[in-house]
Amino acid sequence: MAVVGIIAEYNPFHSGHEFLMNQARLVAGNDNPIIVLMSGNYVQRGEMAIMDKWARAQAALAAGADLVLELPFSTSVQPADLFALGSIAQLEKLGVNDLVFGVEDATLNFAYLGSKIAEIPPSHMEFSDYSQTYSTQYNQMVAREIGHEVNEPNAILGLAYAVANHNLGAPLDLQPVNRIGAGHDDILATNGVVQSASAIRNLILHQGVSEELANWLPKAEIKNLMQQTTFPNWNILFPFLKYRLESSSIEELQQIYQMSEGLEYKMKHEIHRAQNFTEFLRLIKSKRYTYSRLRRLCLYTLLNVSQTDMIASFNHEALLLLGYSKLGQRYLKRIRKATTADIVSKVDQRNTKQGSMNLQLRVDRLFEQIMQVDQDFGHRPLEG
């Protein structure tokens, strides 16, 4: 039985994601489910998603997914290695056999490269050259150690999946698929059949929801976008971040997850000079940290997520069931008693007392304030 897994954000769901879903169906066949682990209302690079998790899950179901489950915040808003490790661990619990993911070059032997990277001694990963970012030095070190340079963003994430899979005992078969159309961060190309999600988000943020989107997004998703009055982004969130930094003491900021090396002082000092979020990031940027790392830290700070909160979430991670097809529903019934995954079908007072669901409820409160739409209580899984 080839139960296929996809790790996704769908921010938003577009034609490239639809292509990958179709490739996953070829692997799964018609009788086996495609299980999507999807980030919720916050995504890996430290941002709010442009659409809520329910609308994005609906698009995934319409495209052929059989189960869509929400990846906990404590895994979804993390650097690639932790994001990959937490995601693959959950897919293994769900009985997934094959991981399908998009990359720039599917001919690479990801399983082999992942095993070689996993064998690199930890001492080789201790960097002290502050003229370059950690990620740059890491990529250079990997190229030296394995004899192959990988710089493309999806290939880097694919390698993170491969390393995590190796470290977990290789429970999944890796099935890379060549991406079609635009690259991960490419700007909008008006003649392209597939656009990058970042280009589509920029178009929506700067020009609103236009007829042009019909070239790249499903009609139902465009309809959902047209009904939105707000599109979350850091320009909206910046005043809230500024208040958090100005009203918090240094001691309080030191409790924030991933706050280190005096960044609390730098952030508290520079927030007074910055007129917007982009300027603030430039003011606190150094060679030591990537913009993604700093955006995540800003998000943790905004949401008041502490080290203690994250540890509590890691210790009890649950997956919220966002939607299912008939095939997915049958599969879920079959594995319910056997799986060690904690699957929540309905958010209530009991299952939000602790762990990842408690943190999920907390962070979603801000998203609800921005979007004016409830995200957890009162929702039942969507039927595809």
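The values are calculated or read from the model by the stated rules, or taken from the named source; none is laboratory data. Keep in mind the model is a prediction, meaning the values are calculated, not measured. Don't worry about glycine lacking a Cβ; one is built from the backbone with ideal geometry, like all the others, and counts go over all protein chains shown. The accessibility values were calculated without ligands, DNA or RNA, using every heavy atom of the protein model including side chains. Shrake-Rupley method; radii C 1.70, N 1.55, O 1.52, S 1.80 Å.
Go through the residues of the range 274-284 one by one and say whether even a single one is over 23 Å from residue 43 (Cα atoms) and modelled with pLDDT under 95.
No, the range 274-284 contains no residue that is over 23 Å from residue 43 (Cα atoms) and modelled with pLDDT under 95.
So, in the range 7-44, how many residues would count as being within 15 Å of residue 67 (Cβ to Cβ) and assigned to a strand (DSSP E or B)? Explain how you work it out, then say what you get.
Residues of the range 7-44 that are within 15 Å of residue 67 (Cβ to Cβ), as a first pass: 7-8, 10, 21, 24-25, 28, 31-38.
Of the ones still in play, those that are also assigned to a strand (DSSP E or B) are 7-8, 34-38.
Residues flagged as within 15 Å of residue 67 (Cβ to Cβ) and assigned to a strand (DSSP E or B) within the range 7-44 amount to 7.
Mind listing just one residue for me: the one in the range 190-220 that is under 25 Å from residue 384 (Cβ atoms) and open to solvent by 30 Å² or more (accessible area, probe 1.4 Å) and, of those, modelled with the lowest pLDDT?
193
Answer yes if at least one residue in the range 57-79 is open to solvent by 10 Å² or more (accessible area, probe 1.4 Å) and within 9 Å of the chain's Cα centre (by Cα), and no otherwise.
For the range 57-79, residues open to solvent by 10 Å² or more (accessible area, probe 1.4 Å) and within 9 Å of the chain's Cα centre (by Cα): absent.
Suppose we filter 168, 99 for residues that are surrounded by fewer than 18 Cβ atoms within 10 Å (Cβ to Cβ) and at pLDDT 95 or above; which single one remains? Please lay out each step first, then the result.
On the way: 99 fails: surrounded by fewer than 18 Cβ atoms within 10 Å (Cβ to Cβ).
168 is the lone residue from the list that is surrounded by fewer than 18 Cβ atoms within 10 Å (Cβ to Cβ) and at pLDDT 95 or above.
State which residue pairs qualify: first residue free of Cβ contacts under 8 Å to residues at least 24 places away in the same chain and open to solvent by less than 60 Å² (accessible area, probe 1.4 Å) and inside the range 276-298, second residue assigned to a helix (DSSP H, G or I) and basic (Lys, Arg) in any location, beta carbons under 8 Å apart, and separation of 6 or more residues or different chains.
281/295; 284/266
Looking at the range 332-351, can you tell me whether even one residue there is over 20 Å from the mean Cα position of the chain (by Cα), in contact (Cβ under 8 Å) with a residue 60 or more places away in the chain and surrounded by 21 or more Cβ atoms within 10 Å (Cβ to Cβ)?
yes
Identify all residues within the range 58-85 that are at pLDDT 95 or above, part of a loop (DSSP other than H, G, I, E, B) and closer than 25 Å to residue 163 by Cβ; write none if there are none.
Residues of the range 58-85 at pLDDT 95 or above: 58-78, 82-85.
So of that shortlist, the ones also part of a loop (DSSP other than H, G, I, E, B) come out as 64-66, 72, 77-78.
Result: 72, 77, 78.
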